[in-house]
Amino acid sequence: MDIGTISSRYAKALFSLAKDKGMEDRVYENMRTLAESFAAEPGLKGALSNPIVSAADKERLLKAAGGLQVSDLYMRFIRLALQHKREALLPLIAYIYIRLYRTEKKITRVLFDTAVPVDEEIKAHLEKKLKEETGSTIEFSGRVQPELIGGFRLRVGNYRIDASYATQLRDIHAGLLKNR
């Protein structure tokens, strides 16, 4: 069984149906929340693969993992996945749906990590500049990572810029050890 192919078919079918019904935005939010739930709670995968947990309990878990207000289409899809015993594929299906949606809507995901909190004015300026450069809608998320010491890490799609002090210090350290 090729889980990538199966997951892709389920995600494409859901995206196509959601698009036809004009619900792709709402389903996107549900799938994003579902993907975040899988990332935040590793026990969710275990509960879904546990044969002792009933289908009704799995449905309730997935409804809660999809957000506070889930769409009817999302719930119908969850029931279908449970009926066909595809619940183990849901993390990958969610990821593929998100990717399809972002591609269709020309959304570029930007991750901006800094050592200290950055004020909203700087974030808005960066988002505006990136929108001008890429011509895409920007989905911006930032994290504070004190281990960077200073500087920043920026990820735009597949491009990465690491201008953190921690990386620069690590590079200097490696260079000094190399020249011994």
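The values are calculated or read from the model by the stated rules, or taken from the named source; none is laboratory data. Source: prediction; values computed, not measured. Positions of Cβ are generated from backbone atoms using ideal geometry, with glycine treated the same way; all protein chains shown enter the neighbour counts. Please note that ligands, DNA and RNA were not included when accessible areas were found on the heavy atoms of the full protein model with its side chains. Shrake-Rupley method; radii C 1.70, N 1.55, O 1.52, S 1.80 Å.
Using a 1.4 Å probe over the heavy atoms of the protein chains, calculate the carbon and sulfur portion of the accessible area of region 53-180 as a whole percent. If you can, show how the numbers build up before the last one.
Working: 4580 of 8500 Å².
The computed percentage sits at 54.
Under unit Cβ charges (Lys, Arg +1; Asp, Glu -1), what dipole magnitude, rounded to 20 debye, does region 23-180 have relative to its Cα centre? Working shown, then result.
Details: 26 positive and 21 negative charges, 114 e Å.
Taking the Cα centre of region 23-180 as origin, the dipole is about 540 debye.
Just one of (1) 177; (2) 123; (3) 211 is volume of the Cα convex hull per residue in Å³ as worked out from the coordinates here. Which one is it?
(1)
Quick one: compute the contact order of region 119-180, relative version, from alpha carbon pairs under 8 angstrom and 6+ residues apart, as a percent. Mind showing how you got there, number by number?
Working: 31 pairs, mean separation 12.0, N = 62.
Computed over region 119-180, the figure is 19 percent.
How much length, in nm to one decimal, is gained on full extension between residue 84 and residue 39, taken as 0.36 nm per residue of separation minus their Cα-Cα distance?
13.9 nm
Rounded to whole Hz and in sequence order, give me ³J(HN,Hα) for region 125-131 from the Karplus expression 6.51 cos²θ - 1.76 cosθ + 1.60, θ = phi - 60°, writing x for Gly and Pro.
5, 4, 4, 4, 5, 5, 5
With θ set to phi - 60°, apply the Karplus curve 6.51 cos²θ - 1.76 cosθ + 1.60 along region 37-44 and write out the HN-Hα couplings as whole Hz, x wherever there is a Gly or Pro.
Calculated HN-Hα couplings, in order: 5, 5, 6, 7, 10, x, x, 5 Hz.
Any idea how far apart residue 55 and residue 139 come out in nm if each label point goes 7 Å out from Cα toward Cβ?
Result: 3.1 nm between the two label points.
Per residue, how large is the accessible surface of region 56-168? Use a 1.4 angstrom probe and give square angstrom. Mind dumping the intermediate values first?
Working: 7000 Å² over 113 residues.
Per residue, region 56-168 has an accessible area of 62 Å².
What residues qualify as long-range amide H neighbours of residue 109, i.e. H under 5 Å apart, gap of 5 or more or another chain, H built at 1.01 Å from N?
Distant-sequence amide H within range of residue 109: 139, 157.
Which cross-chain or sequence-distant (5 or more) residues have an amide H under 5 Å from the amide H of residue 151, H modelled 1.01 Å from N in plane?
Under 5 Å from the amide H of residue 151 lie the amide H atoms of 115, 165, each far enough along the sequence or on another chain.
From the helices alone, meaning DSSP H stretches of at least four residues, give me the mean residue ellipticity at 222 nm for the chain, per-run term -39500 (n - 2.57), in deg cm²/dmol to the nearest 500. List each step's numbers first, then the result.
Numbers: 8 runs with 109 residues, N = 180.
Dividing the helical sum by the residues of the chain leaves -19500 deg cm²/dmol.
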